[in-house]
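To keep things clear, I will list the structure first and then write my remarks on it.
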Amino acid sequence: MSARFEPPNAFRSPRYAQLSTFMRLPYQKDPRGLDVAILGIPFDGGVSFRPGARFGPKEIRSNSLLIRPYHPVLRTSPFSRLRVADCGDVDPNPLDIVDTYGRIETAVGEVLAAGAIPACVGGDHSISLAILRAVARRHGAVALVHFDSHQDMWEEYFGNRYFHGTPFRRALEEGLYQPKATVQFGIRGPVYGEGDFELGETQGVTVVRAEEIHRQGVAAALSRLDVVRGRKVYVSFDIDSVDPAFAPGTGTPEVGGLSSAQTLELLRGLAGLDIVAFDIVEVSPPYDQSGITAMLAANVLFELLSLISLGRP
Ligand SMILES: [Mn+2]
């Protein structure tokens, strides 16, 4: 059994009609034998504003067709070094977030039990809590690199403890990640009050606001990653960390964000980290323009897979 590509002609053929997997990868439901298992998680029942992220996996798949297999900056061919497959979608319960969490935790747990790295494509950001539950059960409390315009550390919303604005408070309460080994990139936009930042501040979370990245540059931002080095790292990538001029197809856009180029540079700066799982969330195709947001998300997926492949034979 091999999940490898058939280079080189597989990449040169358009095959538009039949391609429905992430980056033309093989479809393989069973994660056993894989190094990385890509899971779609088409759930947006945790959204507070613009819906549609349930269609993210489908659009990211179809906008990933142009991605070629060699990364010339990181100098790696991730699909030669890693056995990667599209393991299909987790079946959510669109009417019940708690039930959906159970389904996600089970599916991600199966990937981890198979010894593969879960690469999760959402879906709204509420899914990160369920993924982190499975990851922490396997690896213990992880370090966290979190790209977002929002901290997603609110207490509740209309009395609901689970939605896409609370996963990193719930995960903190459950001891799933180490706050002092957490870096959040791209935070910006209006909040309800100064107190909204209090939990992160008192718990020692490193926040690199978007304004700081614009003023001081990407290299300075990357220097803040020292707190996660040498640890098992979970990367949570919310597409709304990117400016809506580059990524309009999202549920809760905030102006003044990262450019696509800054995003790629930041991601490449994660080289050398021990990434044990990641998610890419909040792509909402109904609000997208010509697929540019889904295309960016597909490229973020390629960047993260390339990072994981570094150092592998
Ligand atoms: Mn978020």
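The values are calculated or read from the model by the stated rules, or taken from the named source; none is laboratory data. What you are looking at is a predicted structure, and each value in this text was computed from that prediction instead of being measured. Backbone-built Cβ (ideal geometry, glycine too); neighbour counts: all protein chains shown.
Assorted remarks:
- Residue that is surrounded by the most Cβ atoms within 10 Å (Cβ to Cβ) [pool: residues in the stretch 287-303 that are among the hydrophobic types (A, V, I, L, M, F, W, C) and touching a helix residue (DSSP H, G or I) at 6+ places or on another chain (Cβ under 7 Å)]: ALA297
- Residues being assigned to a loop (DSSP other than H, G, I, E, B), buried (at least 17 other Cβ atoms within 10 Å of the Cβ) and among the hydrophobic types (A, V, I, L, M, F, W, C) - total across the stretch 238-272: 3
- Residue in the stretch 148-176 that is farthest from ASP99 (Cα to Cα), counting only those that are among the hydroxyl-bearing types (Ser, Thr, Tyr) and touching a helix residue (DSSP H, G or I) at 6+ places or on another chain (Cβ under 6 Å): SER149
- ASP279 vs. criteria touching a strand residue (DSSP E or B) at 6+ places or on another chain (Cβ under 9 Å) and within 16 Å of the ligand (Cβ to nearest atom): yes
- Among the residues of the stretch 67-80, the ones that are farther than 14 Å from ALA37 by Cα and in contact (Cβ under 8 Å) with a residue 12 or more places away in the chain come to 9 in all.
- Some residue of the stretch 242-250 being touching a residue at least 40 places away in the same chain (Cβ under 8 Å), farther than 16 Å from ILE117 by Cβ and out of contact with any Ser or Thr (no Cβ under 7 Å at 6 or more places or on another chain): no
- Scanning the stretch 240-263 for residues that are within 11 Å of the ligand (Cβ to nearest atom) and farther than 13 Å from PHE185 by Cα yields THR250, GLY251, THR252, GLU254.
- Matching strands (runs of 3 or more DSSP E) fully within the stretch 83-201 where at least 2 residues are of a type in the set (Phe, Trp, Tyr), in contact (Cβ under 8 Å) with a residue 24 or more places away in the chain and away from the ligand (no atom under 16 Å from the Cβ): none
- Consider the stretch 282-313 and keep the residues that are away from the ligand (no atom under 16 Å from the Cβ) and outside any helix (DSSP H, G or I). The one that is nearest to ASP44 (Cα to Cα) is ASP288.
- Residue match in the stretch 106-129 (condition: farther than 25 Å from SER309 by Cα and more than 18 Å from the chain's Cα centre (by Cα)): yes
- For the criterion of being within 21 Å of THR166 (Cα to Cα) and modelled with pLDDT of 95 or more, ALA277 passes.
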